[in-house]
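Reading through the structure tokens given below for one structure.
Nothing in this text is a laboratory measurement; each read-out follows from the coordinates by a stated rule. These numbers were taken from a predicted model, which means no experiment stands behind them. As a convention, Cβ positions derive from the backbone with ideal geometry for all residues, glycine included, and neighbour counts pool all protein chains shown.
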Amino acid sequence: QVQLVESGGGLVQAGDSLRLSCAASGRTFSRYAMGWFRQAPGKEREFVSAISRTGLSTYYADSVKGRLTISRDNAKNTVYLQMNSLKPEDTAVYYCAADLRYSSQSSEYDYWGQGTQVTVSS
């Protein structure tokens, strides 16, 4: 089992940048694919990005492609989400998730962090 803790969220203005971090503990981090999801008020949780165990493969939702970058440092047991050119519609609670399978579907992930709030003002 892996425990995940997100951090790095905050209140920013449109066009600003943030870097979210997700620190993992428990089982070996490198065996898990990682994903970022977000949930805005009144909306369903949606996929943001995913990265394979080695970091060689990444995938992004169309809405964030070109603005957000997922990366991981297996030596630090951490996955990151670099968010640039933030928009008000990026406002949401951001969750990281882990599973042995690389996927863009939330149902494939067994382990979830508590979430970190990102608020982007216009």
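Before moving on, here are some points about what is shown:
- 12 Å cut-off, amide nitrogen to a point 7 angstrom out along GLU108 Cα→Cβ, residues in the range 18-40: 33-36
- Take every pair of alpha-carbon atoms less than 8 Å apart whose residues are at least six positions apart; their mean separation over the length of the chain yields a relative contact order of 36 percent.
- Scattering profile of the range 72-122 at q = 0.16 Å⁻¹ [log10 I(q)/I(0), Debye over alpha-carbon scatterers]: -0.60
- Rg over Rh for the range 1-67 works out to 0.98, both radii taken from alpha-carbon positions and Rh defined as the Kirkwood radius.
- Alpha-carbon gyration tensor eigenvalues x 5, square-rooted, for the range 37-108, Å: 20, 15, 11
- Note on THR28 and ARG101: the model spin-label points, each 7 Å out from Cα along the C-beta direction, lie 2.2 nm apart.
- Long-range Cα-Cα pairs in the chain (distance over 24 Å), rounded percent: 17 percent
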